[in-house]
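Working notes for the structure below.
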Amino acid sequence: MREFLAMGGYAPYVWGSYLVMAGLLVVEMVQLRYRRRGLMGWLKRMARLTEQEERK
Amino acid sequence: MSERSIQWFRFTAPANFYDLAGRLIPWFAALTIALFAVGLYLGLVVAPPDYQQGDSYRIMYIHVPTAWMGMFLYVLMAVYAAIGLIWRIKMAEIMAKAIAPTGALMTFFALWTGALWGRPTWGVYWVWDARLTSMLILLFLYLGYMALHAAIDDRQRASNASAVLAMVGVVNVPIIYFSVQWWNTLHQGASITVTDAPTMATIMFVTLLIMTLAAWMYSIAVVLARARIEVLERERKATWVRERLETES
Amino acid sequence: MPRLSNIDSEPRGNVTVESFGLADRTLRAVDLAAERGERRLFEHLHFTLSPGHLLQVSGRNGSGKTSLLRIISGLSRATHGEVFWGEERIRAVDGGTGSCLGYLGHHNALKEDLTAQENILFAVRLGGGTPNADSAISMLERLGLAGYEDLPARFLSQGQKRRVALARLLLQRRPIWILDEPYAALDVQVIDVLRHSIETHLAERGMIVITTHQAVDIDGDCHNLHLG
Amino acid sequence: MPRLSNIDSEPRGNVTVESFGLADRTLRAVDLAAERGERRLFEHLHFTLSPGHLLQVSGRNGSGKTSLLRIISGLSRATHGEVFWGEERIRAVDGGTGSCLGYLGHHNALKEDLTAQENILFAVRLGGGTPNADSAISMLERLGLAGYEDLPARFLSQGQKRRVALARLLLQRRPIWILDEPYAALDVQVIDVLRHSIETHLAERGMIVITTHQAVDIDGDCHNLHLG
Amino acid sequence: MFRSLFALLRRDLTLALRRPQDALTVVGFFVVVVSLFPLGIGPDPEFLRSLAPGVLWVAALLAVMLSLERLFSDDYRDGTLEQMLLVPEPLGLLVLTKTFAHWLITGLPLVLISPLLAVQLNLRVDEIVMLMFALLLGTPILSLIGSIGAALTLGLRGGGVLIALLILPLYVPPLILGAGAVDAVMHGASAQAHLSLLGAMMVFALFATPWATAAAVRIMLD
Amino acid sequence: MFRSLFALLRRDLTLALRRPQDALTVVGFFVVVVSLFPLGIGPDPEFLRSLAPGVLWVAALLAVMLSLERLFSDDYRDGTLEQMLLVPEPLGLLVLTKTFAHWLITGLPLVLISPLLAVQLNLRVDEIVMLMFALLLGTPILSLIGSIGAALTLGLRGGGVLIALLILPLYVPPLILGAGAVDAVMHGASAQAHLSLLGAMMVFALFATPWATAAAVRIMLD
Ligand code: HEM
Ligand SMILES: Nc1ncnc2c1ncn2[C@@H]1O[C@H](COP(=O)(O)OP(=O)(O)OP(=O)(O)O)[C@@H](O)[C@H]1O
Ligand SMILES: Nc1ncnc2c1ncn2[C@@H]1O[C@H](COP(=O)(O)OP(=O)(O)OP(=O)(O)O)[C@@H](O)[C@H]1O
Ligand SMILES: [Mg+2]
Ligand SMILES: [Mg+2]
């Protein structure tokens, strides 16, 4: 295992590539999620506001 | 009657896309995970070290797919943008906009992994090599596209304007590539060039193929997801959005 | 839903002047719709304007009058629908939209560093016409700007600038006029001159689309289109 | 030469509220003159405004109303003359001009990316006050903006933006209000609310300088200053 | 047709003459940026000499880029651009004419002042001649490509910085070829290839960019 | 008092977060300009390394300068600046706070991204540390001096280029000192003197420029 992690002495480069890529992919997905959730909340609020206006 | 059918058509096309994409995304996501799992296992564990570069060559498994993805997505983005601009098809505009961030990210990965690969191979993180430089410029083109899109408040105008930019960019990319290549060979001998991987073993080739597919699947899934959000934002007034809101909460 | 009142498509019977040689062409809007920043301003808007007729577009602030006028003159694209000049689409008219149409918008489109006369002459030349300093000066005089021809536009007052823009429009001699708030900043005398010019233009079988918040009576075939 | 009609410097007898504790200070203009781009807009302008009084500045477009209001609030310098708040010059008031004076100009001074509530709270904090979200919300409600507190200002209509700017002014609680076209873009109901606020402000011995092209009747000590 | 275009050209030049400070500011910027470099890098003459082509080209490029913001924005703000859309001539030609005027006002002065700065950076005569020639071929390309960016940022907040981001990547080929031409002369090689490529690029830009710019103008005025 | 200033700072940062593209564009410009240099000058690593301090500093300076146009102009256009004159705090402090926010939004990101570009130009670790340190001391000076120019060009046509001409000469001292500090480390000398001078300059700018800027704002709003 340790040998695997050492990557024949190239650990910083190999893991630096793979981990940064994994990290940013996760960030992209989380950001999408977050944006979607925000948008949904916003749309619902707007729908409520429109209803409120219509009731007036 | 005819008026009504036109309205109907206009408002359901995005709705159709929204539903279809919603159904497709889980599949692409699953494929992404499976392919990445297999590819990573093959690439990091099974494949033997390179006889020249040792284990550092394993960066190739993400470097090459992301580099291809970055370049391909730019062309795709420009094509969608052109379709959107010329035939005024909303979905094409949305797709163009949705592709940009992922394309930029892929380009960035290619740069980042290339830099980290360059250090053990060439001794430096960065050289002003033709291929590297033109990749960097591609990243700038992506960033410019996104910056222009973000700077214009009116959605329609933003799509049209950035479509012009994407098209100009796509014409320029080959010009830039050749001029950069020429520039480099002019100033210095080919003391440093991207060395071809040694005659690729089958396992390496298969792994590379799988990782490339994984990058494809990932890009498709993420772009579709982003396009869905865009559709919702644009069509927020439409009745179908309200229906989806009620069912999805 | 916009209401369109009192449109009769017959040309006026008693007029025979045909200065523009285009008397048979009409200006038609077919099923126009416009959106601005998420809001739908109008939809299903139709009208036909025949030679010698005037269309007044009215409505509250922000109801989309300027947007409509810009669509008619081919400056903006409608979200839906088309505008026709005769059988041609207005954005694809032979020789350019500008060959049939003069537009006076919220902006006066004057260069502050050029004199009134230079501004006008330049516009005429750019439109492909022959510059004629005398006619420019006499037009400026007609609009009460005698003696101001050689003053750079920056020294003119708001109303005077508007007059120069009007003089330019009148010298361009286009069959269709699109006037957005033409009376703005003008004083009573010049409004009168302008009213007279409008009536002459209609009598010469020209067409006018106009929006204004001020009430000015025009003698001629006037129709009203209400937005909002 | 500006005419100043009907100024009586006596404070109103029947008012005893002294919310601002500044009841003895007057707002005085002494021999003001202003020039703009070579033109003299007005000169030898004097007035004295006592607590509980309102001064309406009228005149044609471009006659110098905005210029005068900006001079009074210390934003511009007069070519000649001074404005006094009590015995202090307005540009050198202890604690800054803003400590005694609220100004509502042609611009609403709202940040498009902040919500209505954030805009107001920021202004109060910047003025050194304690932010109180509840009072901000109730003020917005009073001006008919219930439910819109959390909307970024860019999504508000012109009139709604104006209302937010008004809410800000009302929450700042300054003794002098300088209002440049406050009714612009407002609809009838809000004009009523504003009129009421103005009357209350006068009754609390506040002072107001206002310009407007719309005729709105204010109940209180009103004076008129005509420019042009 | 030529009458219209000539009228437009004449107007733009007249306006520039009435406000010479605009053109002068661009030249001033060019001079200041080039003069900043020795300050940041150190005064060694040989070193500066070897840098000169690159520095001069980059500075010219930045100067052109900064001036681009004004290419259409004045006409946009006072409504003249709107009227230009109604001129019975192809918008592409009008835009090309304006770009040409812009080059006469900003690009040409840069070419003319460059020998002075080149002398400061210790270039030799043949190098200076080549520099001027390369700039003469290259600055029109910069103006032409830049006009697309100028049109795309019409009426936007922070237009200046945005133009930079949009346009600078597209400036890479002329920069490489232009600086390369001078460099070649410096190293005793032939600059033939560079110049022919620059020329080809200029012809291409001349025919391709006006339409893109016209489309962008239409979009931003929509 | 601190409540007012803190409120202003918070507002400016909130606004920047709501429109991150504005700040990102400045960083983008910085990166693009630095990347242009090798293209103009040539890819030789040793050569680029020796140029790096100057190039990075000049690029940072240009990026800050271009972003300055927006320092007050948004507030000016929507009338907030006018209201700011009526805040019962010294205008100098308000202006200083705005400048600080501006630095946090544009200057600091430049400092943070500079190591990446420095690596591209083959700087070593100790040089990179010094570069960041010098930029950390120097960019506030750039923002402070620049705020005067930004105020003086409020509402003028062609503000961008004009700011450049007004401000660039004043940028010479921080440029020389900042680039000099990195250069010193590169040649194995001590950068002590450079840094102390930069520090002194920053303190001086901190106390002197806000009043000049405040005066300029008052004049331009008159
Ligand atoms: C930041 C640095 C780098 C960048 C931007 C970069 C960019 C690219 C690009 C754009 C490609 C795909 C282009 C093509 O297939 O023709 C690619 C492929 C490749 N790169 Fe890199 N690269 C970098 C560093 C490196 C390094 C250091 C190595 C190894 C020593 C390397 C090895 C490869 C290999 C083996 C391929 C696949 C070759 C092929 O398909 O023809 N790259 N790189
Ligand atoms: N580019 C734009 N982006 C977003 N909204 C816009 C844009 N242009 C106009 N609008 C909005 O569209 C609506 C119609 O504007 P328009 O200028 O057509 O009104 P109008 O009827 O001419 O008003 P006025 O009488 O004030 O001239 C307004 O509410 C305006 O805010
Ligand atoms: N900065 C300036 N430079 C030159 N002239 C100016 C300047 N500001 C205003 N003016 C001129 O000064 C005159 C007075 O302007 P001011 O804004 O005070 O008018 P106003 O009475 O408020 O008009 P309105 O009713 O339109 O608001 C106008 O003729 C205007 O053109
Ligand atoms: Mg209008
Ligand atoms: Mg006014």
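Close amide H partners of D:H223, meaning residues 5 or more places away or on another chain with modelled amide H under 5 Å apart, are D:L54, D:L55, D:Q56.
When the helices of chain B are scored as -39500 (n - 2.57) per DSSP H run of n ≥ 4 and the total is divided over every residue, the value at 222 nm lands at -28500 deg cm²/dmol. Helix screen, chain B: DSSP H segments with Cα axial length of 24 Å or more and mean Kyte-Doolittle hydropathy at least 1.0 are B:60-87, B:130-151, B:202-234.
Determine the distance separating the Cα centre of segment E:7-73 from the Cα centre of segment F:1-68; give it in Å without decimals. About 20 Å separates the Cα centre of segment E:7-73 from the one of segment F:1-68. Between amide H atoms placed 1.01 Å from N, distances below 5 Å from C:E35 occur with C:L41, C:T79, all of them 5 or more places distant or on a separate chain.
Along the axis of the charge dipole computed for chain F (Cβ charges of +1 for Lys and Arg, -1 for Asp and Glu, origin at the Cα centre), the listed residues F:P38, F:P20, F:L162 are led at the positive end by F:P20. Close amide-amide hydrogen proximity is noted between D:Y103 and D:I178, each under 5 Å apart and 5 or more residues distant or on a separate chain (H modeled in the peptide plane; Pro and chain starts excluded). According to the calculation over all Cα-Cα pairs in chain E, the P(r) per 5 Å bin from zero is 1, 7, 15, 18, 19, 15, 11, 7, 4, 2, 1, 0 %. Ranked by how many other Cβ atoms sit within 10 Å of their own Cβ, fewest first, the residues B:I229, C:I120, C:I210, F:I219 fall in the order F:I219, B:I229, C:I210, C:I120.
Residues D:F47, F:F72, ranked from the fewest to the most other C-beta atoms within 10 Å, line up as D:F47, F:F72. Helices from chain F with mean Kyte-Doolittle at least 0.5 and a Cα length along the axis of 27 Å or more, per DSSP H: which? For chain F, where a helix must reach 27 Å along its axis and average at least 0.5, the hits are F:20-41, F:45-77, F:125-152, F:159-186, F:192-221. For D:V188, inter-copy separations between label points set 7 Å beyond Cα along the Cβ vector come to 3.0 nm, shortest first.
Placing a label point 7 Å from Cα along the Cα-to-Cβ axis, F:R77 is separated from the same position in the other copies by 1.1 nm, shortest listed first. Taking other C-beta atoms within 10 angstrom as a stand-in for reagent exposure, C:T26, B:T207, B:T202, E:T139 fall in the order B:T202, C:T26, B:T207, E:T139, fewest first. When the pairs B:K97/F:K98; A:K44/B:K237; B:K97/B:K237; D:K111/F:K98; C:K65/C:K111; C:K161/D:K111 are compared against a 22 Å limit on Cα-Cα distance, B:K97/F:K98; C:K65/C:K111; C:K161/D:K111 fall above it. For chain F, averaging the sequence separation of C-alpha pairs within contact (under 8 Å, six or more residues apart) and dividing by the residue count gives a relative contact order of 27 percent. Averaging the Cα positions of each part gives two centres, and for segment B:25-70 and segment E:100-158 these lie 47 Å apart. Annotation for segment F:182-222 versus segment D:141-212: alpha-carbon center distance of 44 Å.
Structural descriptor for chain B: relative contact order 33 percent, calculated from alpha carbon pairs under 8 angstrom and at least 6 residues apart. For the protein assembly as shown, divide the Cα radius of gyration by the Kirkwood radius and give the resulting Rg/Rh value with two decimals. Taking Rh as the inverse mean 1/r over Cα pairs, Rg/Rh reads 0.98. Taking the DSSP beta bridges with both ends in the protein assembly as shown, the antiparallel portion is around 50 percent. Across the options E:G54, E:M130, E:T213, the greatest Cα extent toward the positive end of the charge dipole of chain E (unit charges at beta carbon of Lys, Arg, Asp, Glu) belongs to E:T213.
Here, each number is a calculation from the coordinates, and none is a lab measurement. On a predicted model such as this, the values are computed, not experimentally measured, just so you know. We place every Cβ from the backbone using ideal geometry, glycine too, and count neighbours over all the protein chains shown.
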